[in-house]
Amino acid sequence: MKTSKKCVILFPGVGYSTDRPLLYYSAKLAKQAGWSLYAVGYPEFKSAAISDMRQDQSRRERAFYQALTSVEGQLRAFPDFERYLFIGKSIGTILAAYLSANVFKDRDVRGVFYTPLKETFDFARDRGGIAFYGDADPWVGKETIVTGAQKRRLPLTIYPGANHSLETGDLSKDLDILKDVMTRTQNYLKTL
């Protein structure tokens, strides 16, 4: 039995909660557009381990599977919807893409990927969303992101000088980037 037609699920980053700008404002946009809203979390992560994950592929993989186990548990009793939009940030983009391709493979799911990681494109659906990236992101190189987005045919917006939070350190530029990201996210919501 369907409880509502449309649902947004937020997949935060390890050190980037739903209270941070990208997820906070995209949640507001989704609610304003009439979508049901849920957020998953990874309470087992410690922020001290974040820098270790950037340098160590095996730690990233362990973190992914640890988060996946947690999220799958949170989604077990999840209500059924006709359409889903998974909005992810960093590791949340990998989880969103993986769940879309595997657990939700027979459902109508799209994605908004804020600062995706390389592995996001291993699972993302073709033409299944949009992505945003800062070319000063220390977690993944520009060529990797551009190639991954092209492979999956996902529109990609790149912000010069922006880091893994899509920030540059210049408040005026950061607010302009945030406004542009939210405008593009809102326009994408309107197409669904």
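The numbers here are math on the coordinates, done by the rules we state, and not lab data. Quantities reported herein were computed from a predicted structural model and do not represent experimental measurements.
At a glance:
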read-out	value
Rg/Rg_ref, segment 100-148, where Rg_ref = 2.2 N^0.38 Å and atoms are Cα	1.19
Set Lys6/Lys31; Lys31/Lys179; Lys6/Lys151; Lys6/Lys190; Lys5/Lys105 screened for pairs whose C-alpha atoms are more than 20 Å apart	Lys6/Lys151
Long-range amide H partners of Asp135 with built H, under 5 Å	Tyr159, Gly161, Ala162
Per-residue [θ]222 nm for the chain (sum of -39500 (n - 2.57) over DSSP H runs n ≥ 4, rounded to 500)	-13500 deg cm²/dmol
Vicinal HN-Hα couplings computed from phi for segment 170-186 (Karplus, 6.51 cos²θ - 1.76 cosθ + 1.60; Hz; Gly/Pro x)	9, 4, 4, 5, 4, 5, 5, 5, 4, 4, 5, 4, 5, 5, 5, 5, 4
Estimated Rh, the chain: Kirkwood, alpha-carbon pairs, angstrom	16.6 Å
Taking all pairs of distinct alpha-carbon atoms in segment 108-192, Kirkwood radius in angstrom	13.0 Å
